[in-house]
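Novice: Would you mind keeping the following structure in view while I ask a few things?
All of the numbers you see were taken from the coordinates with simple rules; none came from a lab. Note that the coordinates shown come from a computational prediction; the quantities given were computed from them, not determined experimentally. When we count neighbours, we look across all protein chains shown, and the Cβ atoms used for this are built from the backbone with ideal geometry, even at glycine.
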Amino acid sequence: MPAPKPTGPQFQSEDYNATSAKVYEQLDYQQRVKEPRRTEIKLWLAFMLVGLGVAVAAWLMILAEDFLITIKGNVFQYLTVYGTTF
Amino acid sequence: MAFYLLFSVTMASAAALLTVYVGPKAAGSGVPELIGCLNGVRIAEWLTPTVLFVKVVGVTLAVAGSLVVGKEGPLAHIGAIIAIMVFFAPIESFAQFRTGSRYREFVAAGISAGVSVAFGAPIGGTLFAYELSTPSTFWTFKNIWRNFFCASIATFGLALLVALQYGTPITLSA
């Protein structure tokens, strides 16, 4: 004998994996997709620019640190020569 | 002794005032925020040129002031900001890259470049960016080679600039 049809509002459990499943679907596509050659070249060029930018920023930081540390050393030497350490 | 103390206090105070009044988002190393950024958290006005300026000047003053602070975390943040500046650069060819997943790929590239110039280790920088991205659903393994290329360019570029400046042979030491 079939179960009687439920009366009143019907509920079903939420699909809590819906979002992650969608994201992983996109990830799977990204892993498999092959970019056009021009796009790949542009990407590698952009990443090269990032590398060059970081190298220049790091070099400027090294320059500034060397400058400040040299000033500190020179002033300390001057004070030592003239018989005072401030 | 007093001069050293005065110099360190002046440098540290200048860095602190700059951070508090000009770029408060530059406070801290930036690594926890980078993990959040790579996993989809958008922090407002955190990857901007102002924060880059404050981070560069602040870290330089702190290191020159003999404070016990490292440059690795800040350089990762600096790299991420430079990567986002390239990402949003007014170059027509790069406009097609402006998607959420590519945004994170660029941030990861900046992190790997920053860490690799701090340690002189491109492979280490790439693996560090991968480590920060581990819970990310946007990481693709094709990205590892591009990150490694970016980190290598940064490391060799810095080594070349330092060698040209001091007239010494190129070395990859940190």
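Novice: Collect the residues in region B:133-145 that are more than 10 Å from chain A (Cβ to nearest Cβ) and part of a helix (DSSP H, G or I), keeping them in residue-number order.
Specialist: Once the filter is applied, which keeps residues that are more than 10 Å from chain A (Cβ to nearest Cβ) and part of a helix (DSSP H, G or I), region B:133-145 yields only B:Ile144.
Novice: Hey, does region B:53-64 have a residue that's in contact with a Pro (Cβ under 7 Å, 6 or more places away or on another chain) and at positive phi?
Specialist: no
Novice: For region B:27-67, which positions are of a type in the set (A, V, I, L, M, F, W, C), within 16 Å of B:Val107 (Cβ to Cβ) and surrounded by 15 or more Cβ atoms within 10 Å (Cβ to Cβ)?
Specialist: Across region B:27-67, the qualifying residues are B:Val31, B:Leu34, B:Ile35, B:Cys37, B:Leu38, B:Trp46, B:Leu47, B:Val51, B:Leu52.
Novice: Among the listed residues B:Tyr130, B:Tyr103, which satisfies the condition of being away from chain A (no Cβ under 13 Å), of a type outside the set (A, V, I, L, M, F, W, C) and in a helix (DSSP H, G or I)?
Specialist: B:Tyr130
Matching residues to (1) surrounded by 24 or more Cβ atoms within 10 Å (Cβ to Cβ); (2) among the acidic types (Asp, Glu); (3) in contact (Cβ under 8 Å) with a residue 60 or more places away in the chain; (4) on the phi > 0 side of the Ramachandran plot:
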residue	(1), (2), (3), (4)
B:Phe88	no, no, no, no
B:Glu92	no, yes, no, no
B:Glu105	yes, yes, no, no
B:Phe119	no, no, no, no
B:Arg146	no, no, no, no
B:Phe156	no, no, no, no
B:Leu160	no, no, no, no
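Novice: Something else about it: Could you go through region B:77-87 and let me know if any residue there is over 24 Å from B:Trp46 (Cα atoms) and in a helix (DSSP H, G or I).
Specialist: So far as region B:77-87 goes, no, none of its residues is over 24 Å from B:Trp46 (Cα atoms) and in a helix (DSSP H, G or I).
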